[in-house]
Amino acid sequence: MALMLCGVAVSLWLSTQAIADSYRLDQLKERNAQLAERAEQLRREVGRLQSPASLAERAEALGMVPGGNPARLVVREDGSITVVGEPVKATAPKSRSDDARDDD
């Protein structure tokens with residue numbers, strides 16, 4: 001009789017643990033889905049921030065200007081170096097406030 005009672009108790013305990021594990025598994029699946037959605041959202045954000053238009057806007061906000069036409073150095077087989085092209089200094093384009101002052 002005691003052995004049968006122990007068997008029932010163990011069976012009840014195991015089924016309770018299985019139900020608890022099932023709830024925990026459901027919670028973890030939901031959390032995994034949330035994290036996957038967040039990861040996708042971050043991938044889209046990174047893609048948007050890496051776009052050329054976004055990079056140009058942020059560079060302009062930092063005061064950067066587009067580079068001019070650089071000269072290039074060509075190293076020949078004999079070791080001599082030749083400058084190709086004429087370097088042009090990068091200059092900031094006129095801002096809108098400068099255009100408004102010119103009109104006055």
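Of all residues in region 70-89, which are of a type in the set (Lys, Arg) and surrounded by 10 or more Cβ atoms within 10 Å (Cβ to Cβ)?
Correct list: Arg72 only.
For (1) touching a strand residue (DSSP E or B) at 6+ places or on another chain (Cβ under 7 Å); (2) of a type outside the set (Gly, Ala, Ser), each residue gets a yes or a no:
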position: Gly7; (1), (2): no, no
position: Ile19; (1), (2): no, yes
position: Leu25; (1), (2): no, yes
position: Leu35; (1), (2): no, yes
position: Ala53; (1), (2): no, no
position: Arg58; (1), (2): no, yes
position: Arg72; (1), (2): yes, yes
position: Glu86; (1), (2): no, yes
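For Ala36, state whether it is open to solvent by less than 100 Å² (accessible area, probe 1.4 Å) and at pLDDT below 85.
Considered against the rule, which asks whether it is open to solvent by less than 100 Å² (accessible area, probe 1.4 Å) and at pLDDT below 85, Ala36 comes out as no.
Being surrounded by 10 or more Cβ atoms within 10 Å (Cβ to Cβ) and under 21 Å from the mean Cα position of the chain (by Cα) is true for just one of Ala59, Ala92. Which residue is that?
Ala59
Do we find that Lys94 is touching a residue at least 12 places away in the same chain (Cβ under 8 Å) and of a type in the set (Lys, Arg) in this structure?
When the stated conditions are applied, Lys94 does not pass them.
The values are calculated or read from the model by the stated rules, or taken from the named source; none is laboratory data. The structure presented is a predicted model; accordingly, all values stated were derived computationally and were not measured. Quick reminder, even Gly has a Cβ in these numbers, built from the backbone with ideal geometry, and neighbours come from all protein chains shown. Quick note on the areas: whole protein, heavy atoms, side chains included, nothing else; ligands and nucleic acids left out. Shrake-Rupley method; radii C 1.70, N 1.55, O 1.52, S 1.80 Å.
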